[in-house]
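First the structure, in the form of structure tokens, and then the observations on it.
The values are calculated or read from the model by the stated rules, or taken from the named source; none is laboratory data. Note that the structure is a prediction, hence the values are computed from the model and not measured. So basically every Cβ, Gly included, is an ideal-geometry build from the backbone, and we count neighbours across all protein chains shown. For the accessible areas, the whole protein counts, side chains as well, though only heavy atoms, and no ligand, DNA or RNA atoms are used. Shrake-Rupley method; radii C 1.70, N 1.55, O 1.52, S 1.80 Å.
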Amino acid sequence: MSNITLTIIKPDAVAKGHTGKIIDHIIGAGFKVRAMKMIHMNDREAGGFYDVHRERPFFNDLVSFMTSGPCVPMVLEKDNAVTDFRGVIGATNPKEAAEGTIRNLYADSIEANAIHGSDSDENARREASYFFSELEIF
Ligand code: CMP
């Protein structure tokens, strides 16, 4: 499973009704959806997912935001999935996200930035298994 990435449609985008448009955008960009669910994370779950950022000044705000409502984690497959998907979503800060990227179209701020994408193949595998068992990935 090297051609996968893990995305989360974040609570801001779900609350604003953008879930369907974002999924269409992802499929239109050539990704196959291998697993998907809607969940509402608690502090432990969101903190565990972003454990690598635990010492960063924005960690508590990030956990509050990610637990503020439901989100939609998905496992996506495509050749070169991690790098290509980061191109599809755009820069972390939507002010810097290229025209037509998901964050350019749907994100409001560096925190409420609509969508997550794994930053390496190793993290993609770790993040996919954080939300899905092997049996849930088709
Ligand atoms: P994401 O790609 O999900 O990974 C970590 C998240 O932390 C990032 O998107 C942002 O939404 C959030 N974040 C909040 N503040 C910052 C910041 N100052 N720098 C980087 N990421 C931030």
- prompt: more than 21 Å from LYS16 (Cβ to Cβ), more than 13 Å from the ligand (Cβ to nearest atom) and basic (Lys, Arg), is that true of ARG44?
  reply: yes
task: Report whether or not VAL52 is free of Cβ contacts under 8 Å to residues at least 12 places away in the same chain, open to solvent by 10 Å² or more (accessible area, probe 1.4 Å) and among the aliphatic types (A, V, I, L, M).
output: yes
task: Take LEU135 and decide whether it is open to solvent by 40 Å² or more (accessible area, probe 1.4 Å) and within 18 Å of MET36 (Cβ to Cβ).
output: yes
query: List the pairs whose first member sits in region 17-37 and is without any contact (Cβ under 8 Å) to a residue 40 or more places away in the chain, whose second member is open to solvent by less than 30 Å² (accessible area, probe 1.4 Å), and whose Cβ atoms are under 7 Å apart, counting only residues at least 6 apart or on separate chains?
result: MET36/VAL72; MET36/MET74
message: Take GLU99 and tell me if it is more than 15 Å from the chain's Cα centre (by Cα) and modelled with pLDDT under 95.
response: no
message: If VAL82 satisfies all but one of (1) under 13 Å from the mean Cα position of the chain (by Cα); (2) of a type outside the set (Phe, Trp, Tyr); (3) open to solvent by 60 Å² or more (accessible area, probe 1.4 Å), what's the number of the condition it fails?
response: (3)
query: Name the pairs: first residue in region 90-104 and touching a residue at least 60 places away in the same chain (Cβ under 8 Å) and within 11 Å of the ligand (Cβ to nearest atom), second residue part of a helix (DSSP H, G or I) and open to solvent by less than 60 Å² (accessible area, probe 1.4 Å), Cβ to Cβ under 6 Å, at least 6 apart or on different chains?
result: none
- prompt: So which of LYS32, LYS16, LYS10 is in contact with a helix residue (DSSP H, G or I) (Cβ under 9 Å, 6 or more places away or on another chain) and either away from the ligand (no atom under 16 Å from the Cβ) or open to solvent by 50 Å² or more (accessible area, probe 1.4 Å) (or both)?
  reply: LYS16
Helices (runs of 4 or more DSSP H) enclosed by region 1-103 - at least 2 residues per element that are among the charged types (D, E, K, R): 19-28, 43-49, 81-89
- request: Determine if region 68-78 includes at least one residue that is closer than 26 Å to GLY30 by Cα, under 14 Å from the mean Cα position of the chain (by Cα), more than 12 Å from the ligand (Cβ to nearest atom) and open to solvent by 50 Å² or more (accessible area, probe 1.4 Å).
  value: yes
message: Please go through (1) more than 11 Å from the ligand (Cβ to nearest atom); (2) surrounded by fewer than 16 Cβ atoms within 10 Å (Cβ to Cβ); (3) of a type outside the set (A, V, I, L, M) for ARG125 and return the number of the only condition it doesn't satisfy.
response: (2)
Filter pass, ILE27 being surrounded by fewer than 16 Cβ atoms within 10 Å (Cβ to Cβ), more than 12 Å from the chain's Cα centre (by Cα) and within 18 Å of LYS10 (Cβ to Cβ): no
